[in-house]
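Have a look at the structure below before the remarks.
Computed from the coordinates by the stated procedures, all read-outs in this text should not be read as laboratory data. Please read these numbers as outputs of a predicted model, since none were measured by experiment. For neighbour counting, all protein chains shown are included, and Cβ atoms are generated from backbone atoms with ideal geometry for every residue, glycine included.
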Amino acid sequence: MREIQEIWQQFKDDFLEKDGQENYLINHSAAALVHLGHLFAEASLDAAQSQRLIELVQEENTEIRQEIIDRLAFFLPGMLDENFHYSAASVDLRSPSAVRNDIFSAFWTILSYSNESQNLIPESQQLKNKLTLFIKQSKPYQLNLRYQNLENTDFSYAQLIEVDFSYANLAHANFIHAKCAKSNFYNASLREANLYFTEMQSSFFSFTDFYKANLAQAILSHSVLHGANFEQADLSEASLENCKADHANFVATDMMLTKMMEGDFKHCDFGEANLTRADLSKADLTEVSFQDANLYQATFHDACIEEVNWEVKSLKKATFKKNSLDESKYLFFQRQGALLE
């Protein structure tokens, strides 16, 4: 494969060139696919090549990047209809699916990194489904889905590590058993999304909206959840160990058997939440509200429980060990049926 800088220059020459009447020389998706195939179909870009391509795209001025967006977004529906199919003698020995995925990866990398905040996803649900499938199959390097409208999409069982989903609309999306570790979901909407058994550890979820989402058995350990909204979500048996979740909203959330050890939950609202048998050992619960929450058999060993609102629904059989308790708090817990060690 030629040097990436040479390929990038050829891409610009091909896609931005106009005739004497200011008409683009490439004006149909089939022709665009041929040119993309010449540039990207013979071999997959490795990480270093992909990174250099991203840098070259971002080095272009705003006007050029917007022109690239307009051109590629115009071709996207037709290319999806053609399934990014490309055939030539130079790729006869390669798998057709590998060729398609490599062309799509380069296409989406150029389009998405030219973009600032426009939604590039086709409105047609059929085309949106095709695009999602290509994303799952091709796994572009440093996949960029910022600001994209991916509502009702199916990412189940996908492996999407280190993806930028910030500001994306992922409401009602299906992420069952997906692997999305080390990804950025800042300010994204995952309202009523299905994230059952999704692996999202070491990810960034500040101000993410999980309203009524299914996160049962999901793995969010070592993630940042600052200001996230989990109201009425299902977090039962989920893993939130070592999370920084200060100021998050857990109102009316199901957190039965949730693992929250060593997490930072300062200033969180657990009003009416179900924390039955949840483990909050060594968690920082400073200024947390458990108003009307169910803490039956919850574990608070060595947790920081300063200035907590304990007007709970139940503290029965909740266990406290190595906690700093004054006499009034000790007697209150005892009257509530907590187990004090």
Cβ-based exposure ranking for Glu341, Glu311, in which fewest neighbours within 10 Å come first: Glu341, Glu311
Between 0 and 90°, nearest 10: helix 125-138 axis offset from the chain longest Cα axis: 90 degrees
Measure off 7 Å from each Cα along the Cα-to-Cβ vector at Gln334 and Ala98, then give the distance between these two points in nanometres to one decimal. 7.3 nm
For the range 1-40, listing GluC sites (Glu not before Pro) in a DSSP loop whose Cβ sees at most 14 other Cβ atoms within 10 Å gives Glu3, Glu17, Glu22
In degrees rounded to 10, the 0-90 angle between helix 96-114 Cα long axis and the longest Cα principal axis of the chain is 80 degrees
Residue-wise, which Karplus ³J(HN,Hα) couplings in Hz belong to the range 226-238, taking 6.51 cos²θ - 1.76 cosθ + 1.60, θ = phi - 60°, and x for glycine or proline? 4, x, 6, 10, 10, 4, 6, 7, 9, 10, 4, 6, 7
Using +1 at the Cβ of each Lys and Arg and -1 at the Cβ of each Asp and Glu in the chain, identify which of Ser90, Ser324, Asn115 lies farthest towards the dipole's positive end. Ser324
Please get the size of the charge dipole for the range 1-143, origin at its Cα centre, with Cβ charges of +1 on Lys and Arg and -1 on Asp and Glu, quoted in debye to the nearest 20. 660 debye
Which order, highest average first, do 203-211, 74-82 follow once you tally other Cβ atoms within 10 Å for each residue and take the mean per peptide? 203-211, 74-82
Amide H within-cut-off set for Leu120, under 5 Å, with H built and near neighbours excluded: Asn149
Relative packing of 323-333, 292-302, 43-53, which averages over residues the other C-beta atoms within 10 Å, highest first: 292-302, 43-53, 323-333
Of Asn101, Met200, Gln148, farthest towards positive along the dipole that unit charges on Lys, Arg, Asp, Glu beta carbons give the chain: Met200
Any idea what diffusion coefficient the chain gets from Stokes-Einstein, in µm²/s, Kirkwood Rh on alpha carbon pairs, 20 °C, 1.002 mPa s? 97 µm²/s
Determine, from the Cβ-Cβ distance of Asp326 and His247 and an R0 of 35 Å, the FRET efficiency 1/(1 + (r/R0)^6), rounded to the nearest 0.05. 0.85
Can you list which of the chymotrypsin sites (Phe, Trp or Tyr not before Pro) found in the range 121-191 are DSSP loop residues with at most 14 other C-beta atoms within 10 Å? Tyr157
Report relative contact order for the chain in percent, whole number only (criteria: Cα-Cα under 8 Å, sequence separation at least 6). 7 percent
Residue-wise, which Karplus ³J(HN,Hα) couplings in Hz belong to the range 252-266, taking 6.51 cos²θ - 1.76 cosθ + 1.60, θ = phi - 60°, and x for glycine or proline? 6, 8, 8, 10, 4, 6, 6, 9, 10, 4, 6, x, 9, 10, 4
Could you let me know the centre-to-centre spacing of the range 181-257 and the range 114-173, using Cα atoms, in angstrom? 19 Å
Specify the angular offset, from 0 to 90 degrees and rounded to the nearest 10, of the alpha carbon long axis of helix 29-40 from the longest principal axis of the alpha carbons in the chain. 80 degrees
